[in-house]
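J.: Right, I'll just put the structure down here and ask away after.
The values are calculated or read from the model by the stated rules, or taken from the named source; none is laboratory data. In this text the structure is predicted, and so the values were computed from the model without any measurement. Glycine gets a Cβ as well: all are built from the backbone with ideal geometry, and neighbour counts include every protein chain shown.
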Amino acid sequence: MILATLGGTAQADGVAAKADELPLWDAELRFGYGVSVGGGQGMTTTRTSPLTITAVGAVALSYEPALAGWGGLVVETLDRTAVGATAGIRFTPMLRKIRLSAGGVALVAPYTLYGGTAAAGTCFGLGDVGLRACADVQMTAYFAGDDLAPGSAITQVQLVLGVAFDGP
Amino acid sequence: MARDLRIASRRRAPHVLARLVTAGALVALGLLALTASGCNTTACQRHSDCDPGLVCSAESVCVDQPDAAIAGDAADADPTEGADAAVDAMAADAALADAAFDAVPTLDAVAADAAVDAAP
């Protein structure tokens, strides 16, 4: 039974090792929703954030440490429509079981907003076709742009769910 | 066999971490839901939160564009401007008073003038 257990572990480790390999590139579609905290001139307001849809592609930059550069398009919807772009760097330590991202985001139409973003999350393999389901907690701070109320800044905290496709 | 078990244990550690991250994400989701349920939906944070023709003021309220412009002008105005004008006016008054004081002839001058006039 012990041998059978070890054999099963080895087989599982083989699958895990395959999933742990850093792909040369990957593509991901994310949906983020949460709360938005705005502040300025001594008062703070909290409201639900827009639904943020992000399509990003990532390219491996280094294997050790596991770094990848990513970039893509951002669309905000639900009670508004805005489009922009985002880019940054992703670090995937612990055999890709967790991932940490940081970057910048710019909404450019119909109004402008500029800020920084950081996220932490994890992904789970979906079968053996290179698909992964991912969940992140993401914080975005907008501090410039003509869509901001005078003298204020906005911080969004969102739960981001996504589906990623790994390249070779 | 013990070595294999140690390796398996080490490889299991990231799974535990992943579960912790997942649990953290679920807790964060709950906190987000709780926070969102108490959100003030009337306050604006961006101009695009407001209806067309309105802008978000510094007080997080949607206002008409002209009102916002006036409010902005008021905020931009120099609060010391009125005081400066008052000080300038006081200085001008003081200058006038000085001139008036200078224009008033002294008794000696009047007496001298009278003596000159009286001289043959």
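J.: Test of understanding: among A:86, A:77, which residue is surrounded by fewer than 17 Cβ atoms within 10 Å (Cβ to Cβ) and not hydrophobic (A, V, I, L, M, F, W, C)? Talk me through it step by step, then tell me what you get.
T.: On the way: A:86 fails: surrounded by fewer than 17 Cβ atoms within 10 Å (Cβ to Cβ).
Within the list A:86, A:77, the selection yields A:77.
J.: Tell me which residues, restricted to segment A:134-163, are small (Gly, Ala, Ser), surrounded by fewer than 21 Cβ atoms within 10 Å (Cβ to Cβ) and touching a residue at least 60 places away in the same chain (Cβ under 8 Å).
T.: Across segment A:134-163, the qualifying residues are A:151, A:153, A:162.
J.: Moving to a separate point now. Quick one: which residue in A:42, A:72 is more than 9 Å from every other protein chain (Cβ to nearest Cβ) and at pLDDT below 85?
T.: Working: A:72 fails: at pLDDT below 85.
Answer to the check: A:42.
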